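To keep things clear, I will list the structure first and then write my remarks on it.
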Amino acid sequence: MNAREILHRWHERRRLWLVLALLAALLIVVGSLTPGSEMPQRLPWDKFNHFVGYGGLATLVSLAGMRELRAFALVVAFGIAIEYAQIPVPGRSGGDGWDILANTLGAASALLVLARLRQWLVAAS
């Protein structure tokens, strides 16, 4: 399979990527709005979770057909909205600027890697 075929297969599956993006967003919402007392006590570093979660979401949104810059803006806005939605949730500290930064850096990093991968695949074909 050559690089062009790989890109074509990715783009053929836009509906799949969209469904996975919606499921990832739902998972983020549930995880973010669960009261602190109901959360597992031993999770990996919080900022790493934000970085990976929003990086994954941004990748899925982009693979679903949205251009990288729009995917980035959408995912960052979603992350900010979730942070502020956490404010009334017991045991959660909403509106955390460091969480928003981790979300933003995760989305940006993932989309940069995806854009480079796409460029490399196009150049390889």
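A few points about this structure:
- Selection of region 77-104 for residues being crowded, with 18+ Cβ neighbours inside 10 Å and among the hydrophobic types (A, V, I, L, M, F, W, C) yields Phe78, Ile82, Ile100, Ala102.
- Any hit, region 29-48, residues being β-branched (Val, Ile, Thr), in contact with a helix residue (DSSP H, G or I) (Cβ under 9 Å, 6 or more places away or on another chain) and more than 30 Å from Ala123 (Cα to Cα): yes
- All positions within region 31-62 that are more than 18 Å from Ile100 (Cβ to Cβ) and at pLDDT 95 or above: Thr59, Leu60, Ser62
- Selection count where residues are among the polar types (S, T, N, Q) and part of a helix (DSSP H, G or I), scope region 1-37: 2
- Flag for Gly65 being at positive phi, within 16 Å of the chain's Cα centre (by Cα) and not hydrophobic (A, V, I, L, M, F, W, C): yes
- Screening Ser37, Ser32 for residues that are loosely packed, with under 13 Cβ neighbours inside 10 Å and more than 25 Å from Gln119 (Cβ to Cβ) leaves exactly one candidate, Ser37.
- Taken as a whole, the structure places Val19 among residues that are of a type in the set (Val, Ile, Thr), over 17 Å from Thr104 (Cα atoms), surrounded by 13 or more Cβ atoms within 10 Å (Cβ to Cβ) and at pLDDT 95 or above.
- Number of residues in region 82-125 that are part of a helix (DSSP H, G or I), over 19 Å from Ala71 (Cα atoms) and touching an Asp or Glu at 6+ places or on another chain (Cβ under 9 Å): the value is 2.
- Residues of region 58-75 satisfying the condition of being part of a helix (DSSP H, G or I), surrounded by 19 or more Cβ atoms within 10 Å (Cβ to Cβ) and without any contact (Cβ under 8 Å) to a residue 40 or more places away in the chain: Phe72, Val75
The values are calculated or read from the model by the stated rules, or taken from the named source; none is laboratory data. All of these numbers come straight from a predicted model, not from anything done at the bench. In this analysis, Cβ positions are derived from the backbone assuming ideal geometry, glycine residues included, and neighbour counts consider all displayed protein chains.
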